Amino acid sequence: MKRTLIMLLATFMMFQAYAQNKTDAMLFGDVKSKATKEHLPYATISVKGTTMGTVADGTGHYKLAHLPVGKNIIVAQLMGYKTQEKEVLMEQGKAINLFFELEEDVLNLEQVVVTGTRTEHFIKDVPVRTEVITAKAIENKNAVNIYQALEGVPGVRVESQCQYCSFSMVRMQGLGAEHTQILINGQPIYSGLASVYGLQQISTIDIDKIEVVKGAGSALYGSGAVAGAINIVTKEPGYQPMTSVDLQLGSHKTNKFDVNSSMRNEKGNIGLNVFAQHYTEGAIDQTGPGLAQEEVKNKDGITDRVLTNLVNAGFGLYIDNAFMNNDKLTLRGKSVFEKREGGTMTDDYYRNPLTDGTENITTDRYEASLNYQKKIMKNSEINFSLAYVYHDRNATSDAYLGDYMATHNDSIPDLRNMRPYLANENSLTSTLSFNSKVGRHSFIAGVQVFLNKLEESGMYVVVDESSPFLGESYRSVADKSAQEFGLFVQDEWAVNEKLVVVPGIRFDQHTSGEKYTADKQVFAISNFPKTNFSESTVNPRIALKYKLSRVITLRANAGTGFRAPYGFSEDLHLCSGSPRVWKSSNLNPEKSVSYNLSADYYGTYLRISTNVFRTNLTNKIGFTDADAEVTALGYDYQWKNIDDAFVQGIELSVAANLHRDFDIGFDVTLNQGEYKNVREDWAGTPFEDVSKYISRFPTTTANLKLEYTPKSWTFTLTGNYQGNMYIDYYNEEINPVLGNQSKIKKTDPFTVFNARVSKKMKQFRLYAGVNNIFNYIQDERHLDDAAFIYAPLYGTLFYGGVSLTIYH
């Protein structure tokens, strides 16, 4: 990586040699707040239609040299303010003064979004309802990764599902991670293997904003976008060289160190951004098993938060007019290195990956992407993108050790057989699209290809007591692959000034296969049957936007979706216990029909939004124990079409600027999600009736945000409320006296509050904060079900830090 960055810098310096025309046409001025008349530092000033620009200094003043002679549009931009444009007439050898007064964009309605339609719109004008998490919002909530950044978004819930490894996932409108597409700059490069821990591994250091689009997304983004899409948009370098450093220290060794630097050449058409982050979390033990909070608050010597050491590093190279006029080439590279360790903390027992009661995971990930844009004439554009990812995981748990001891009278296996679970994945994603605006129509057509190859292996023990191979150790190897081809078309038709209609349709062909082998015969069959799956699907979508008045907009969105049974995160999370998962060639893909209806009021200082949603799922796929027929083939688990289901609800959110320095935001969501029938594994139990409710889907969620920004101070208080929900508890260690204690628990509501304060002092910013202010923790724990997590497992955390930003 270091060598690559040096080469990029050398290339960058070479391009600097290209000089622009020396017109001596000079522009001087300043940028002020329209409300306060105070100068605004570090606003971006650019010449529209060119690569020229600069950044105002710390006093709000700027200068631009050698502007093109003639009429020019000068653009002033600053986060939190509305963009302003002014026309000037530049003459050779003459200087002109130009002053800007920017109006505050208190509700962030001037944000430009692209995810909903693959075309650019202001957030208030986009036909498909889109929510944005800005870089400022990420900073004010001290979100280090995507997991933390998504907390508090209406209709979105992030959760941890493993005490030993902190496996995390995101749910959107009640549907799981397998239904939500994670995009990086519009590309689906986070596949099953990465998504298991990916939310916590994607750093926010290079993120400009996060766009969240709920509802049917398969018409644009294919399999995996049944519930919607989360698009992570990365930063581009500014016009003035800049370096920022951030050091943060927190309780339980929750520390981070960030470095971010960007620059452009004199001509302004080449920009480079480099970044790195080192983030650590110390292991925490604050709770133990119990049926009430008083019992749970006793330490048990097992990690409630795993030890984590994470490094993100990368670069982005941006070249305008790379090969010809009006084109843009973007090259990005990124690496992720992470190690997490969890389990028995007594005497640092969990640091030894080969012991019982431990889990250790090491991740190495490399990403490389290319994007090329070319404008054709005035109203058309071609976009091509290509992304390659290599993802490697080395994981150890006590699954092999425990099974061996259980079948060998507690004796220990040969150390030479204690091999980790190994997985490596290679994926290639490419998209080619053509956009054209003709009259009132904006057309987009494109093709997308996804290729994936996953290899995994591990050591296992035969535990079936009826098997003649009982207790036999063996090495299992899995070879999985998938190919997807998609073709999509969309027309954004502005019928008149009030009505916009957006019909779209996508065809997808999904083909995947899996092959398992063992290093010795340990089942009745010598070779495991290969599995192959091939399915084509067509998914239409239509979106409507109607501007009822200047401040009220109505939107409707309906479409179908599908999910192909390949590379699910749950599958890969369980693989370290057993990799053999049967996927019948007769398995049907999940299909869905989604509806969203929303109304938004956009006032100057008040925004009110409501959104009604429903998704019907057909042939919902579930991960279950293998039935007798599949077990006979040598498989431990299987995918099954378990039932039909639906989720529905209503979201209401309010954002208001009550005073120039005081903002408030509040949202509440009412949810309902059910299967058509009772779940098979709970039939005949006291929990049969409630098993129809979709697990981990709260009936109510709500979020509160208060922000006070007097002068150079920022005070932020957030509260996240979670209502009742049902969660499964599977009793793995059955008590001979009490019997099987498995149950479906209905959780109690709770609220978690966080606070942060920061102070800006010239180029420095000091900040401090506290998470989980009132020390709330989960009120019931069971160690034999590591996934039985529905609330915080540890209490209050404090942090403080300092950041420095230098404009060169």
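The values are calculated or read from the model by the stated rules, or taken from the named source; none is laboratory data. Just so it is clear, the model here is predicted, and its values are computed rather than measured. Cβ coordinates were reconstructed from backbone atoms using ideal geometry, including for glycine residues, and neighbour counts include every protein chain displayed. Surface areas here come from the heavy atoms of the whole protein model, side chains and all, with no ligands, DNA or RNA. Shrake-Rupley method; radii C 1.70, N 1.55, O 1.52, S 1.80 Å.
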Pairs please, first residue from segment 600-624 and at positive phi and at pLDDT below 95, second anywhere and assigned to a strand (DSSP E or B) and open to solvent by 40 Å² or more (accessible area, probe 1.4 Å), Cβ atoms under 6 Å, 6+ apart in sequence or on different chains.
Asn619/Asn641
Residue ranges of strands (runs of 3 or more DSSP E) in segment 360-461 with at least 3 members within 26 Å of Ala276 (Cα to Cα) and in contact with a strand residue (DSSP E or B) (Cβ under 6 Å, 6 or more places away or on another chain)
380-397, 421-438
Members of segment 462-501 that are over 25 Å from His121 (Cα atoms), open to solvent by 20 Å² or more (accessible area, probe 1.4 Å), of a type in the set (A, V, I, L, M) and in a loop (DSSP other than H, G, I, E, B)
Val463, Leu470
For segment 323-339, check the following and say yes or no: at least one residue is open to solvent by 20 Å² or more (accessible area, probe 1.4 Å), under 22 Å from Gln163 (Cα atoms) and in contact (Cβ under 8 Å) with a residue 12 or more places away in the chain.
yes
Of the residues in segment 96-111, those that are in contact with a Lys or Arg (Cβ under 9 Å, 6 or more places away or on another chain) and surrounded by fewer than 15 Cβ atoms within 10 Å (Cβ to Cβ) come to Phe99, Glu103
Report the residue count in segment 412-439 for those that are farther than 26 Å from Phe507 by Cβ and free of Cβ contacts under 8 Å to residues at least 60 places away in the same chain.
8
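Restricting to segment 747-768, give me the number of residues that are farther than 30 Å from Glu733 by Cα and assigned to a loop (DSSP other than H, G, I, E, B).
Qualifying residue count for the region: 2.
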Go through Leu487, Leu454 for me and flag whichever is over 24 Å from Asn352 (Cβ atoms) and over 24 Å from the mean Cα position of the chain (by Cα).
Leu487
What residue, of Tyr147, Tyr190, is farther than 22 Å from Ala655 by Cβ, without any contact (Cβ under 8 Å) to a residue 40 or more places away in the chain and not in a strand (DSSP E or B)?
Tyr190
Residue count, segment 708-751, condition at pLDDT 90 or above and either charged (D, E, K, R) or under 26 Å from Gly649 (Cα atoms) (or both), comes to 21
Out of all the residues in segment 305-322, which are open to solvent by less than 10 Å² (accessible area, probe 1.4 Å) and either acidic (Asp, Glu) or outside any strand (DSSP E or B) (or both)?
Val306
Report, by residue number, each residue of segment 375-423 that is surrounded by 14 or more Cβ atoms within 10 Å (Cβ to Cβ), of a type in the set (Asp, Glu) and closer than 30 Å to Asp636 by Cα.
Asp392, Asp398, Asp403
Could we say that Tyr546 is open to solvent by less than 60 Å² (accessible area, probe 1.4 Å), of a type outside the set (D, E, K, R) and out of contact with any Cys (no Cβ under 7 Å at 6 or more places or on another chain) here?
no
Pair list, Cβ under 6 Å, 6 or more apart: segment 271-290 residue among the β-branched types (Val, Ile, Thr), other residue part of a strand (DSSP E or B)
Val274/Ser261; Val274/Phe315; Thr280/Asn255; Thr280/Asn309; Ile284/Arg305; Thr287/Arg781
Restricting segment 240-274 to residues that are open to solvent by 20 Å² or more (accessible area, probe 1.4 Å), under 25 Å from the mean Cα position of the chain (by Cα) and of a type in the set (A, V, I, L, M, F, W, C), the residue that is farthest from Val55 (Cα to Cα):
Leu249
Could you say which residue among Gly665, Gly739 is small (Gly, Ala, Ser) and either surrounded by fewer than 18 Cβ atoms within 10 Å (Cβ to Cβ) or over 23 Å from the mean Cα position of the chain (by Cα) (or both)?
Gly739
Can you tell me how many residues in segment 523-534 are crowded, with 20+ Cβ neighbours inside 10 Å and out of contact with any Pro (no Cβ under 7 Å at 6 or more places or on another chain)?
2
On the given criteria, is Gly795 of a type outside the set (Val, Ile, Thr), within 22 Å of Asn140 (Cβ to Cβ) and open to solvent by less than 20 Å² (accessible area, probe 1.4 Å)?
no
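Within segment 778-808, how many residues are of a type in the set (A, V, I, L, M), within 22 Å of Asn255 (Cα to Cα) and within 25 Å of the chain's Cα centre (by Cα)?
Summing the residues that are of a type in the set (A, V, I, L, M), within 22 Å of Asn255 (Cα to Cα) and within 25 Å of the chain's Cα centre (by Cα) in segment 778-808 gives 2.
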Residue list for segment 683-734, filter: open to solvent by 50 Å² or more (accessible area, probe 1.4 Å), among the aliphatic types (A, V, I, L, M) and not in a strand (DSSP E or B):
Ala683, Ile734
For segment 32-85, which strands (runs of 3 or more DSSP E) that fit wholly inside it have 2 or more residues that are at pLDDT 90 or above and open to solvent by 40 Å² or more (accessible area, probe 1.4 Å)?
61-64, 70-77
The correct count of residues that are part of a loop (DSSP other than H, G, I, E, B), within 15 Å of Val752 (Cα to Cα) and open to solvent by 30 Å² or more (accessible area, probe 1.4 Å) in segment 769-792 is 5
